[in-house]
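The values are calculated or read from the model by the stated rules, or taken from the named source; none is laboratory data. Every value quoted in this text rests on a predicted model; they were computed, and no experiment measured them. Here Cβ is always computed from backbone atoms with ideal geometry, including for glycine, and neighbour counts include all displayed protein chains.
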């Protein structure tokens, strides 16, 4: 039984299927099917979803309005349920690329039906309403290289007739952030409600459980599931650690307690936990505007970040000035991290974030308000201020557009 | 002197047992301790629990009391008593073997090991599996050899080579386990689908997995995982043969490992690149090709 060209064709169908079972993204699964006829016929055309929470009716309401800090009476609440919406971040590159080339695009897509996609803003939940005129309606993903980077989640409310309700009128259906977690066979969701309270739901349970973090009024900015426990930080910088089984919350020493930073986020990067605190210096901005004739050294954008790394053995945080080639992404619906070496096109040792004052006139495109904070230079700016890195979210490059049909002989 | 001295033995869990010296010296080990003058206080027996020590003392008492007569009747009565004595659960039986060995009570060692040898002849596949794991756990291979308790199996590869393997290791294969159950394992087990080269590797894998305790500690599991990762660093032909062998021999963990390895070789590649890696031909019918094109589309809303 020596190696020969047809060797893998002698693999029985059930073994091929066993191999395909171990592919964890739909892209890999489709590429498996696209190899040859025996491989294609060894699996069904549908990629088995690894997420049992999709297409489930999730409980509503989260808790009584009073407990969620909403002043409207509970009788005002609409009737319906939540559904978990999943979107995927894809990193695209041309098929043939020189080692030095940094050509790439990071897009976020929601896939309501396999093959039918909706383009979303990369670092927020906004759907892009209008694609540019020359943007192709259909893309063939075999024409470029696609890598799944991660998933982001949201909770969408549907009334009893199945109609989605997105109105801001009903505060009880507005969710700031939701993360999915799994431990063995257990799956669940942890969310931060719009008014800042934490709630958890596990597959099989009928109701959400509000997390009691010991404070009178909680107003959490971010929550993350890290090494089997939840870490949550509120707008004042207070951190609590929540046990995944008992839901008991204990306070943890925080490096940003009492900071005047505006937004605090956790980012997991290569097994380590980071805390990113964003400072938007309104006062500095106003001062610079008013005294622009005498202020010499004005940073273009008075935004900066303080980054901390969690030292688990000591249960404390270290301020970091250098994160190597890592890139930390702070999005509304999820945070994540990539290596700029493995993913060319991103500037290493930087934080990518969104900021209202970066918003350009055309706000109906991915990355319309995205910016970069360079940890080394300690300066922040919109993407356009970083030549060579500004086109990572938009516009779609030439190699993405379909090739003209081959001439038939 | 008519009265015999009293010896006190202390079990591993701290219980004290008083017995006459004449009974205690059924144990060669205790006999030597008394001769060396170490028996003035209680003799500690850190390897023997009170439960087992009680049984051992019961055995020694009975054998001292019964006259070694020429008459068959008395001997038969003792033999019947012995047969009842060993009607205990497997774990207790093995603990008795270990105690008899440690205490140097030859007749008890004979009795218990012969009982195990007879048991194995009557056992089903699952039971044999448990027994062999117990034997391996308590390092009883030497004793088993003396008492002819078969602890090894012979496997024969497709190219005629013989492999002499511990039963506990061979039991990692469900296929072989069923053969033992069905009594097909008395001679060499032929494996016509597996070459000697592959069988050697499979045996190496099974050995490692049987020997490594499945601990909760991450350290041990991480080490095993690292060993597994190295194990599958082989050329494609060997990987392919390992998958087929793991499937034929029904070794789930090996099948999972090898399939995962192939999946890892597929991840992140385009279909064309996968074809190149696995030397597959693009052999789609026009309809299939259209299906591939369609399912790889993104249609924007």
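Structural remarks
- Among the residues listed as A:99, A:112, the single one being outside any helix (DSSP H, G or I), away from every other protein chain (no Cβ under 14 Å) and surrounded by fewer than 18 Cβ atoms within 10 Å (Cβ to Cβ): A:99
For every residue, the table says whether it meets (1) surrounded by fewer than 20 Cβ atoms within 10 Å (Cβ to Cβ); (2) part of a strand (DSSP E or B); (3) in contact with a helix residue (DSSP H, G or I) (Cβ under 7 Å, 6 or more places away or on another chain).
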{"position": "A:222", "(1), (2), (3)": "no, yes, no"}
{"position": "A:225", "(1), (2), (3)": "yes, yes, no"}
{"position": "A:232", "(1), (2), (3)": "no, yes, no"}
{"position": "A:236", "(1), (2), (3)": "yes, no, no"}
{"position": "A:251", "(1), (2), (3)": "yes, yes, no"}
{"position": "A:258", "(1), (2), (3)": "yes, no, no"}
{"position": "A:266", "(1), (2), (3)": "no, yes, no"}
{"position": "A:274", "(1), (2), (3)": "no, yes, no"}
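- Flag if residue B:295 is at the interface with chain A (Cβ under 7 Å from one of its Cβ atoms), surrounded by 15 or more Cβ atoms within 10 Å (Cβ to Cβ) and either without any contact (Cβ under 8 Å) to a residue 24 or more places away in the chain or within 23 Å of residue A:45 (Cα to Cα) (or both): yes
- Filter pass, residue A:105 being within 14 Å of chain B (Cβ to nearest Cβ), buried (at least 17 other Cβ atoms within 10 Å of the Cβ) and either farther than 29 Å from residue A:339 by Cα or touching a helix residue (DSSP H, G or I) at 6+ places or on another chain (Cβ under 8 Å) (or both): yes
- Scanning region A:189-205 turns up no residue that is within 14 Å of chain B (Cβ to nearest Cβ) and assigned to a loop (DSSP other than H, G, I, E, B).
- Looking across region A:51-73, the residues that are farther than 24 Å from residue A:188 by Cα and either touching a strand residue (DSSP E or B) at 6+ places or on another chain (Cβ under 7 Å) or without any contact (Cβ under 8 Å) to a residue 24 or more places away in the chain (or both) come down to A:66, A:71, A:73.
- Candidates in region B:222-238 are the residues that are within 10 Å of chain A (Cβ to nearest Cβ) and either free of Cβ contacts under 8 Å to residues at least 40 places away in the same chain or touching a strand residue (DSSP E or B) at 6+ places or on another chain (Cβ under 9 Å) (or both); of these, the one that is nearest to residue A:8 (Cα to Cα) is B:237.
- Selection within region B:239-260 - touching a residue at least 40 places away in the same chain (Cβ under 8 Å) and facing chain A (nearest Cβ under 7 Å): B:241
- Those helices (runs of 4 or more DSSP H) lying entirely in region A:1-80 with at least 2 residues under 28 Å from the mean Cα position of the chain (by Cα): A:13-21, A:26-33
- If the condition is being buried (at least 20 other Cβ atoms within 10 Å of the Cβ) and within 14 Å of chain B (Cβ to nearest Cβ), then region A:115-125 contributes A:117, A:119, A:120.
- Boolean, residue A:80 is in contact (Cβ under 8 Å) with a residue 40 or more places away in the chain and more than 14 Å from chain B (Cβ to nearest Cβ): yes
- Residue match in region A:301-319 (condition: surrounded by 21 or more Cβ atoms within 10 Å (Cβ to Cβ), at pLDDT 90 or above and part of a loop (DSSP other than H, G, I, E, B)): no
- Flag if residue B:271 is over 30 Å from residue B:178 (Cα atoms) and either within 28 Å of the chain's Cα centre (by Cα) or more than 9 Å from every other protein chain (Cβ to nearest Cβ) (or both): no
- Within region A:89-96, one or more residues are surrounded by 17 or more Cβ atoms within 10 Å (Cβ to Cβ) and at the interface with another protein chain (Cβ under 10 Å from one of its Cβ atoms).
- Residues of region A:26-46 that turn out to be out of contact with any helix residue (DSSP H, G or I) (no Cβ under 7 Å at 6 or more places or on another chain) and surrounded by fewer than 16 Cβ atoms within 10 Å (Cβ to Cβ), as a count: 3
- Of the residues in region A:53-76, none is touching a helix residue (DSSP H, G or I) at 6+ places or on another chain (Cβ under 6 Å), surrounded by 15 or more Cβ atoms within 10 Å (Cβ to Cβ) and within 8 Å of another protein chain (Cβ to nearest Cβ).
- Restricting attention to region A:12-25 and to residues that are more than 9 Å from chain B (Cβ to nearest Cβ) and surrounded by fewer than 20 Cβ atoms within 10 Å (Cβ to Cβ), the residue that is nearest to residue A:151 (Cα to Cα) turns out to be A:17.
The rows are residues; the columns are (1) more than 30 Å from residue B:141 (Cβ to Cβ); (2) out of contact with any strand residue (DSSP E or B) (no Cβ under 7 Å at 6 or more places or on another chain); (3) not in a helix (DSSP H, G or I).
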position	(1), (2), (3)
B:31	no, yes, no
B:48	no, yes, yes
B:52	no, yes, no
B:67	yes, yes, yes
B:76	yes, yes, no
B:110	no, yes, no
B:116	no, yes, no
B:120	no, yes, no
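- Residue within region B:1-12 that is surrounded by fewer than 18 Cβ atoms within 10 Å (Cβ to Cβ), farther than 21 Å from residue B:96 by Cβ and modelled with pLDDT of 90 or more present: yes
- Here residue B:263 fits the description: at the interface with chain A (Cβ under 9 Å from one of its Cβ atoms), more than 27 Å from residue B:158 (Cα to Cα) and either surrounded by fewer than 19 Cβ atoms within 10 Å (Cβ to Cβ) or in contact (Cβ under 8 Å) with a residue 60 or more places away in the chain (or both).
- Those residues of region A:126-155 which are away from chain B (no Cβ under 11 Å), over 24 Å from residue A:54 (Cβ atoms) and surrounded by 15 or more Cβ atoms within 10 Å (Cβ to Cβ), in sequence order: none
- Selection status of residue B:195, more than 8 Å from every other protein chain (Cβ to nearest Cβ) and more than 24 Å from the chain's Cα centre (by Cα): no
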